[in-house]
Structures are given as structure tokens and as C-alpha cells.
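Trainee: The structure follows.
The values are calculated or read from the model by the stated rules, or taken from the named source; none is laboratory data. Quick caveat: nothing in here was measured; it's all calculated off a predicted structure. All Cβ positions, even for glycine, are placed from backbone atoms using ideal geometry, and neighbour counts span all protein chains on display.
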Amino acid sequence: MNSDEAISKLSNALAQLGAGKFDKEALKSLVKDVVDEKHSHYIEQGLISDDKSLVMHGIVGSLSHYEAEKEKELKEKKLQTITEDD
């Protein structure tokens, strides 16, 4: 899954939580195959204990990872364009 798709899914999950929706199955489907093991653990524990802060911690951590990855890709493309122009 590319960074844009992952960011979109995680943003939707975060928006649902922010809107007060705590539909566990919907959240699970949004974050499935998008979060790593560490962040998945936070989300799972939050869903089990009905702790929105843990779920948010997992989602925001994963979102941060994909945002950094996307930023890195953009910088690499920019650098490649600059070196090709030389």
C-alpha cells in the first residue's frame, strides 16, 4: 500500500474517533494492513479497554510514520530532478 492510501485510511480512522464514533469493527478495517506491530498493539489494547487515547496513539504514530515516508519520497524525487537537470 502506498503512503497516500495509508494516510487516507488512517486519517479517516482518526476523524471517526474525533467525531466521537468508536465503532471497533470500522476502525479495525480502516487500520488493517496499514499499521506496524508496535502501533497495532496500542490500537488493539485501546479497543479492548475502550480507551480512545490508546487507539489515537496508535493511529497518530502510524500516520506520522507514513507522513515522514511521503516527505522522504518527495525530497528524493526533488533531488533526482535537480541532479538530472545538471
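For every residue, the table says whether it meets (1) exposed (fewer than 13 other Cβ atoms within 10 Å of the Cβ); (2) part of a helix (DSSP H, G or I).
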residue	(1), (2)
1	yes, no
22	no, no
25	yes, yes
30	no, yes
39	no, yes
67	no, yes
71	yes, yes
82	yes, yes
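Trainee: For segment 5-20, how many residues meet the condition of being of a type in the set (A, V, I, L, M), loosely packed, with under 13 Cβ neighbours inside 10 Å and under 13 Å from the mean Cα position of the chain (by Cα)?
Mentor: If we filter segment 5-20 for residues that are of a type in the set (A, V, I, L, M), which is where we start, we get 6-7, 10, 13-15, 17, 19.
From what's left, loosely packed, with under 13 Cβ neighbours inside 10 Å: 15, 19.
Restricting the remaining residues to those that are under 13 Å from the mean Cα position of the chain (by Cα) gives 15.
Adding up the residues that qualify gives 1.
Trainee: Give me the pairs: first residue in segment 64-86 and modelled with pLDDT of 90 or more, second residue among the hydrophobic types (A, V, I, L, M, F, W, C) and assigned to a helix (DSSP H, G or I), beta-carbon distance under 6 Å, and six or more apart or on different chains, which are they?
Mentor: As it stands, the answer is 66/6; 66/7, since those pairs meet every condition given.
Trainee: Just to be sure I understand the filter: pairs with C-beta atoms under 7 Å, separated by 6 or more residues or on different chains, first member in segment 32-49 and under 15 Å from residue 1 (Cβ atoms), second member among the hydrophobic types (A, V, I, L, M, F, W, C) and assigned to a loop (DSSP other than H, G, I, E, B). Which pairs pass?
Mentor: Matching pairs, first to second residue: 33/1; 34/1.
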